Every structure is written in structure tokens, then in C-alpha cells.
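K.L.:
Got a structure here, written out as C-alpha cells. Questions coming.
The values are calculated or read from the model by the stated rules, or taken from the named source; none is laboratory data. As the structure is a prediction and not an experimental result, all values here were calculated from the model. Cβ: placed from backbone, ideal geometry, glycine included. Neighbour counts: every protein chain shown.
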Amino acid sequence: MASFVFIVGCGASSHHSSTPAAFAHGAPYAQLFESGAAWTYEVATLVRFAEADLAAENHEQPETRGTIEVRCSVTEVRELIGGVASQIACDGDPEAVGREPIIAGVWIASAAGVWRGDELPAAGSAVPTGDALLPPTPVAKHEAHQGEDDDGATSFDVAQKDGAWCETFVDASDYSLAETRCFDGGIASAHVEATGEPYRELTYTRK
């Protein structure tokens, strides 16, 4: 099974505007629901092939590292019945690793907490259901689940680090995936890595 190293931390304060929606007010993710809120990230990228011949077949180096700048902003906020939703867009974002972009996309909050959405709900519609990544007042926790017939395992952790609340999801199947996001009002940092051929890793640090 692959081992994972999570690289998390807090960056400098971000630009934000407007008043956060009531369902996110005071929560460690409040800025995700402020229209016009914006953050700039330094993103470290890593692509590594386990076998040199596979890299050659794909016209790639066995290992490639890089650094790019990505700017993310809240482009739309919609009030819902029982919650709020927002759309975050990131300019210059690299190709997503894992299930979805680690920051860009739809975010939804209710009294239960914050989670990712598949699409932006219509304004005034009922808040869709979802499993909260963080509640408005987080507490440390660890959950682990074993797959059927030993077909991998998943875990979910919430922990406080350097003044931020971090949530980490790990799927230790044949194609292992690990995702971490740290919230301090906005998203201070994020990290995602996926095994396979090639191994890929992205680390976002807010500037």
C-alpha cells in the first residue's frame, strides 16, 4: 500500500469582500461564500513514472517537477432554502488529480457544515444533501472504513494545524488517492496525490 505525506500549512491573509452568507458566518470556510473573495496560490506539481520505459513511451521524463501560480475567486453565490451555494473558478489551474479539482468547483453550506456539490443549485431551491467535510464548529475526529473483500479502505480525518482546520480523505484502493484541505476562513492550503502510472501530486500554498 502506498504511503502518503500530507503537506499543509497556512499562507498569508487573502483578499475578500462582502458579508458571508448566514449559513457560513463565523465558520472556518466563511470566505468560500463571499462574492468576490479571491486567493492566489503557489502550486507545486509532481509527475513521476515508476518505470523509465513507460515514461519514454509517453514522451515524458521519469520525474517532472514544476511551480505555477493559480488565482481562485468566488464567481457566484446563491442563497438556498436551508443553505447557500457558491461557484469558485481558478485561473491557470493544472489538470485535476483524483476525483475533482481540489479547490475549484461548487461548494455548499448549511447548518450541518460545508461540502462539495456536483452543480450549482438554482437560487431559492432547497439545499441539496451532502456529507459535510467540516461542521461550522469543527472538532478533531478520525473515521476508517474497510472495503468489502479487503478491496481497499478509506479514512477521513479532521484536525487542527497552525490555526487552520484540515480535513483529509484517503482511499487506499489499488488506485490510491489522498486529499487534504486546510480552512482558516478561506482555503489556506491543499494537497492531493494519486498513485498509479504515473504518480501525480499537487500542493497548493496560499500566497
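K.L.:
Residues that are at pLDDT 95 or above, of a type in the set (Ser, Thr, Tyr) and over 13 Å from the mean Cα position of the chain (by Cα): find the strands (runs of 3 or more DSSP E) completely inside the range 68-120 holding 1 or more of those. Give the steps one after another, and end with the answer.
P.N.:
Details: elements: 83-91, 105-110, 113-117.
Because the criterion is at least 1 residues that are at pLDDT 95 or above, of a type in the set (Ser, Thr, Tyr) and over 13 Å from the mean Cα position of the chain (by Cα), the strands (runs of 3 or more DSSP E) in the range 68-120 that meet it are 83-91, 105-110.
K.L.:
Could you check the range 182-205 and list, in sequence order, the residues that are assigned to a strand (DSSP E or B) and buried (at least 22 other Cβ atoms within 10 Å of the Cβ)? Break it down stepwise before answering.
P.N.:
Looking only at the range 182-205, we keep the residues that are assigned to a strand (DSSP E or B), and these are 182-183, 187-194, 199-205.
Of everything in the range 182-205, those that are assigned to a strand (DSSP E or B) and buried (at least 22 other Cβ atoms within 10 Å of the Cβ) turn out to be Cys182, Phe183, Ile187, Ala188, Ser189, Ala190, His191, Val192, Glu193, Leu202, Thr203, Tyr204.
K.L.:
Of the residues Glu179, Glu167, Glu143, only one is surrounded by fewer than 18 Cβ atoms within 10 Å (Cβ to Cβ), in a strand (DSSP E or B) and at negative phi; which? Can you show your working first?
P.N.:
Values: Glu179 fails: surrounded by fewer than 18 Cβ atoms within 10 Å (Cβ to Cβ); Glu167 fails: surrounded by fewer than 18 Cβ atoms within 10 Å (Cβ to Cβ).
Exactly one residue qualifies, and that residue is Glu143.
K.L.:
May I pose another question? Which of the residues belonging to the range 163-198 are touching a Leu at 6+ places or on another chain (Cβ under 7 Å) and of a type in the set (Phe, Trp, Tyr)?
P.N.:
Matches in the range 163-198: Trp165, Phe183.
K.L.:
Next up: Within the range 102-114, track down each residue that is within 16 Å of Phe183 (Cβ to Cβ) and not small (Gly, Ala, Ser).
P.N.:
If the condition is that a residue be within 16 Å of Phe183 (Cβ to Cβ) and not small (Gly, Ala, Ser), then Ile102, Ile103, Trp107, Ile108, Val114 are the ones that fit.
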